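What follows is one structure encoded as structure tokens, with my remarks underneath.
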Amino acid sequence: MFNFVSKRYWYFALSLLIIAPGIIGTIVWGFPLSIDFTGGSRMELQFSNATAAQLQPADFKAIMAESGFGDSIVQTAADNVIIIRTKALDDATRNSIVAKFQEKYGEVVVRRFDNVGPTVGAEVTQKAGIAVGLASIGILLYITYAFRGVPHAFRYGTTAIIAMLHDVLVMVGMASIFGKFLGWEVDALYLTAVLTVIGFSVHDTIVVFDRIRENQKVHRRANYEEVVNHSIVQTLDRSINTQLTAVFTLLALALFGGVTIRHFIIIMLIGLISGTYSSIFNAAQLLVVWENGEIGRLFGQGKKAEATP
């Protein structure tokens with residue numbers, strides 16, 4: 001049986017190597033917020049001489065990019081309507097863009113044009129932050145209660161939250177890096193991806209923890225490291241197989257689902273992979289570190305007896 005637990009500091013180092021560039025990038029480059037959060041313009045256009053098959057969001061994004069608005073968000077609606085959200089447009093720029101659409105698709109009717117303020121985006125962000133905070137407290141209390149029959153039940157809830165924050169930091173860092181080098185922006189769908197990954201991550205972590213609890217009763221004479229390692233081995237196939245089904249689906253959507261959801265799908269894909277990793281190689285390993293009293297030694301506060309030969 002492979003000893004996963006003995007390599008725990010390698011897993012922590014790998015997580016640090018993945019998270020650190022993203023944190024540095026976020027500090028240096030900032031967070032690439034879209035008009036959902038910063039405000040901008042919203043156009044609703046109807047094309048009476050074009051078919052729905054001709055109105056592809058990718059084509060509209062290309063035209064907007066040619067006009068200097070590569071961060072535009074394009075959505076289709078019923079009755080051959082295209083909805084475009086982009087940075088603030090003045091009347092002259094708007095008329096120029098509409099003329100390009102008319103040249104390619106025929107008659108265009110501007111059904112709606114208005115400026116969008118950042119107020120709604122700020123409110124959504126605030127509520128999302130509150131939701132994540134309340135969810136974290138709820139998860140901590142629930143897992144502590146659910147594992148009340150094992151020693152140090154509070155540790156299970158705490159390490160689950162740490163693993164969840166690991167996944168959030170990975171997604172935040174990747175969003176900053178993608179924004180710098182690929183021009184991607186964070187929109188409302190990004191918040192959906194983050195909240196979805198949080199659910200997946202905590203669920204996978206609880207599966208591993210539950211097996212640790214069961215094995216503590218079965219293998220009473222084994223030390224804690226052996227119990228955790230045996231539990232990881234038992235749940236590894238299940239965790240990987242479960243996540244692979246989601247990964248394959250997301251890969252198909254990223255490749256064939258269209259440009260309008262590609263950023264959302266890729267960010268969520270990264271988050272799911274991170275969630276699987278953190279459940280097995282961070283959360284469970286942190287339980288061992290805590291049980292062995294190694295947290296203090298990490299900060300140079302180990303017991304004197306351990307320093308003596």
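The values are calculated or read from the model by the stated rules, or taken from the named source; none is laboratory data. Note that the coordinates shown come from a computational prediction; the quantities given were computed from them, not determined experimentally. Glycine gets a Cβ as well: all are built from the backbone with ideal geometry, and neighbour counts include every protein chain shown.
Before moving on, here are some points about what is shown:
- Only a single item in (1) within 21 Å of Ile161 (Cβ to Cβ); (2) at pLDDT below 90; (3) more than 14 Å from the chain's Cα centre (by Cα) is not met by Ile206, and it is number (2).
- Criterion: surrounded by fewer than 17 Cβ atoms within 10 Å (Cβ to Cβ) and among the aromatic types (Phe, Trp, Tyr) - qualifying residue of Phe101, Phe113: Phe113
- Annotation for the stretch 46-54: no member residue is surrounded by 13 or more Cβ atoms within 10 Å (Cβ to Cβ) and within 27 Å of the chain's Cα centre (by Cα).
- Residue in the stretch 146-153 that is in the same structural domain as Thr242 (by TED's automatic domain parsing) and either touching a Leu at 6+ places or on another chain (Cβ under 8 Å) or within 30 Å of Phe31 (Cβ to Cβ) (or both) present: no
- Qualifying positions in the stretch 147-157 - in contact (Cβ under 8 Å) with a residue 40 or more places away in the chain and either within 29 Å of Ile270 (Cα to Cα) or part of a helix (DSSP H, G or I) (or both): Arg155, Tyr156
- Pairing each residue of the stretch 35-48 that is without any contact (Cβ under 8 Å) to a residue 12 or more places away in the chain with any residue that is buried (at least 22 other Cβ atoms within 10 Å of the Cβ) and outside any strand (DSSP E or B), provided the two are 6+ apart or on different chains, yields no C-beta distance under 7 Å.
- Unique residue being modelled with pLDDT under 90 and crowded, with 16+ Cβ neighbours inside 10 Å when the list is Val227, Val170, Val186: Val186
- Candidate set from the stretch 55-71 (those that are more than 18 Å from Glu103 (Cβ to Cβ) and crowded, with 19+ Cβ neighbours inside 10 Å); member that is farthest from the chain's Cα centre (by Cα): Pro57
- One residue from Thr235, Thr249 being at pLDDT below 95 and under 30 Å from Ala58 (Cα atoms): Thr249
- Some residue of the stretch 240-260 being surrounded by 13 or more Cβ atoms within 10 Å (Cβ to Cβ), more than 19 Å from the chain's Cα centre (by Cα), in contact (Cβ under 8 Å) with a residue 12 or more places away in the chain and within 28 Å of Asp187 (Cβ to Cβ): yes
- Filtering the stretch 136-166 to residues that are among the β-branched types (Val, Ile, Thr), at pLDDT below 90 and under 20 Å from the mean Cα position of the chain (by Cα) leaves only Ile139.
- Residue pairs whose Cβ atoms lie under 8 Å apart, separated by 6 or more positions or on different chains, with the first residue in the stretch 268-294 and assigned by TED's automatic domain parsing to the domain that holds Leu140 and within 13 Å of Ile206 (Cα to Cα) and the second outside any helix (DSSP H, G or I) and among the aromatic types (Phe, Trp, Tyr), are Ile280/Phe4.
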